[in-house]
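Have a look at the structure below before the remarks.
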Protein chains: 2
Amino acid sequence: MSAETERRSSSENRREQILASATAVFGERGLAGGTTDAVAHGAGVSQAYVVRMFGSKQELFVAVTERACARVMETFRAAIATLPADSPIPQRLEVLGRAYVGLTADRGILLTLMHAFTLGHDPRIGPIIRERYLEIYRIARDEAGLGPEQASHFLATGMLINTGMGMRMFDVAESDADARELLGCMWGDEADEAIALMASVPTLPDVGRR
Amino acid sequence: MSAETERRSSSENRREQILASATAVFGERGLAGGTTDAVAHGAGVSQAYVVRMFGSKQELFVAVTERACARVMETFRAAIATLPADSPIPQRLEVLGRAYVGLTADRGILLTLMHAFTLGHDPRIGPIIRERYLEIYRIARDEAGLGPEQASHFLATGMLINTGMGMRMFDVAESDADARELLGCMWGDEADEAIALMASVPTLPDVGRR
DNA sequence: CTATGTAGTTATCAGCCGATTACAACCAAC
DNA sequence: GTTGGTTGTAATCGGCTGATAACTACATAG
């Protein structure tokens, strides 16, 4: 394969490119609002190819959702693995919290999940997202040893962070003291760091068709 | 006006009917996924009338969002008004929590807000939802006297409840012990009551056009 | 009775977008 | 070198849906 012009790519590479693009698109626009054309444009392939590779837009969304959940679970498990067996609860919360902030580096992952959370009524997506969310809950409760109360509190904080991301609260954090304060309560000590990390992330460009 | 066949209605009545229908539709499908035709069907009017009354689908969504925020703020303020001036924080949290559970009686209100939270990038909706959310935060922090930490914790729990609603976690609460436990941590003592209240809420029917 | 505004409809247009089809380019093996 | 599978594209179709236009029905004032 030539180094310069790699016009053809392995199926797996393409698949990953498309999933990454779709994560950004679905994260910002959701299943109904995101178009296969925008996904294709972001991945540098044709719209037809996106649809054919995944069968349908809905199946692509399912794949993106599963991938996002897998990322979340990997990230949490990797964080948990760094903990000593007898570490106290506050330290466990701290480590998991940092892991969550790390997840925000890719907006699309958490925002796509947020959209998936609104699709419980969908017969295809509903069962998947419920199962995966409970799986994440069990990881926090059992594997991280937080117990039911702290685990649900942890997930609640995560949802507040997602909400702040979806609303783009960072855009007003500089000018609005209340926004800064609220974001500060979400992130704890790392608030400034996290806000700086996420501010001025560009909106997806509107892409005309083909 | 005849009592039986009210074929014509005052503009305000119609407006309220349309907003109620739109709240249900947008709550389930979001701005991009909800159709003006479904809204019209739910309100018993024609699709064209819905669009003309509000100018555009987006403006209808803005109106629904503003109405939903107003409901939330009214509900919180009414709950706060029942509190004695020197009531302790736990009691304040308890009263606000009950008020939030009361809001879940109309799924559409909280679910529409959840969709609005994903629209921060939208130049029309973003500024509105950020401003309203911060307003609600200030109500919890100042008017209810919770302070920053407890107020953000309260909002976080609210977001977890919204997420549970969006995922339709109630549908599996009967059969899945973890789901019951998680929902229990959200609602506290009223979990069973709340779950019973919200289970088996029908999905919006798919409505063909006209 | 007529005029005028309000409440509503039907019909239709025009653009968007997912999906399908047919075809092209490349590669590896025999 | 031809055969067959893989990687991809261009073109197009057809349904959905927001918006618009043109029209109808009713009510109220003068």
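The values are calculated or read from the model by the stated rules, or taken from the named source; none is laboratory data. Here the structure is a predicted model, which means the values were calculated and not measured. Note: ideal-geometry Cβ built from the backbone for every residue, glycine included; neighbour counts use all protein chains shown.
Okay, here's what the table says:
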{"item": "Near pairs, Cβ below 6 angstrom, 6+ apart or cross-chain, from the range B:111-127 (more than 8 Å from chain A (Cβ to nearest Cβ)) to any residue that is surrounded by 24 or more Cβ atoms within 10 Å (Cβ to Cβ) and in a loop (DSSP other than H, G, I, E, B)", "result": "B:Ile125/B:Leu119"}
{"item": "Residues within the range A:37-73 that are within 14 Å of another protein chain (Cβ to nearest Cβ) and free of Cβ contacts under 8 Å to residues at least 60 places away in the same chain, tallied", "result": "1"}
{"item": "Members of the range A:157-192 that are more than 7 Å from every other protein chain (Cβ to nearest Cβ) and surrounded by 20 or more Cβ atoms within 10 Å (Cβ to Cβ)", "result": "A:Gly158, A:Ile161, A:Asn162, A:Gly164, A:Met165, A:Phe170, A:Ala173, A:Leu183, A:Trp187"}
{"item": "Total residues in the range A:128-140, condition touching a Ser or Thr at 6+ places or on another chain (Cβ under 9 Å) and more than 8 Å from chain B (Cβ to nearest Cβ)", "result": "3"}
{"item": "Condition broken by A:Ala38, with the remaining ones in (1) more than 16 Å from DNA strand D (Cβ to nearest atom); (2) within 20 Å of the chain's Cα centre (by Cα); (3) in a helix (DSSP H, G or I) satisfied", "result": "(1)"}
{"item": "Among the candidates A:Gly27, A:Gly97, residue that is closer than 22 Å to A:Leu160 by Cα, more than 16 Å from DNA strand D (Cβ to nearest atom) and touching a His at 6+ places or on another chain (Cβ under 8 Å)", "result": "A:Gly27"}
{"item": "Inter-residue pairs, beta-carbon under 9 Å, first at positive phi and within 14 Å of another protein chain (Cβ to nearest Cβ) and in the range A:12-29, second in a helix (DSSP H, G or I) and away from DNA strand C (no atom under 13 Å from the Cβ), 6+ apart", "result": "none"}
{"item": "Identity of the residue in the range A:31-51, more than 6 Å from DNA strand C (Cβ to nearest atom) and of a type in the set (Ser, Thr, Tyr), that ends up farthest from A:Phe61 (Cα to Cα)", "result": "A:Ser46"}
{"item": "Criterion: small (Gly, Ala, Ser), surrounded by 14 or more Cβ atoms within 10 Å (Cβ to Cβ), closer than 15 Å to B:Met165 by Cβ and away from DNA strand D (no atom under 16 Å from the Cβ) - qualifying residue of B:Ala68, B:Ala20", "result": "B:Ala68"}
{"item": "Entirely in the range A:91-210, the helices (runs of 4 or more DSSP H) that have 3 or more residues that are basic (Lys, Arg)", "result": "A:125-138"}
{"item": "Selected residue [in contact with a Leu (Cβ under 7 Å, 6 or more places away or on another chain) and among the aromatic types (Phe, Trp, Tyr)] from A:Tyr133, A:Tyr137", "result": "A:Tyr137"}
{"item": "Which numbered condition A:Thr203 fails, given (1) within 16 Å of DNA strand D (Cβ to nearest atom); (2) farther than 24 Å from B:Met165 by Cα; (3) facing another protein chain (nearest Cβ under 10 Å)", "result": "(1)"}
{"item": "Number of positions in the range A:121-158 that are aromatic (Phe, Trp, Tyr) and over 17 Å from B:Met165 (Cα atoms)", "result": "1"}
{"item": "The range A:75-98 - residue that is within 14 Å of A:Asp142 (Cβ to Cβ) and of a type in the set (D, E, K, R) and, of those, surrounded by the most Cβ atoms within 10 Å (Cβ to Cβ)", "result": "A:Arg92"}
{"item": "Identity of the residue in the range B:1-30, among the charged types (D, E, K, R) and at pLDDT below 80, that ends up nearest to DNA strand C (Cβ to nearest atom)", "result": "B:Arg8"}
{"item": "Failed condition for A:Arg132, given (1) surrounded by 16 or more Cβ atoms within 10 Å (Cβ to Cβ); (2) over 19 Å from the mean Cα position of the chain (by Cα); (3) more than 16 Å from DNA strand D (Cβ to nearest atom)", "result": "(2)"}
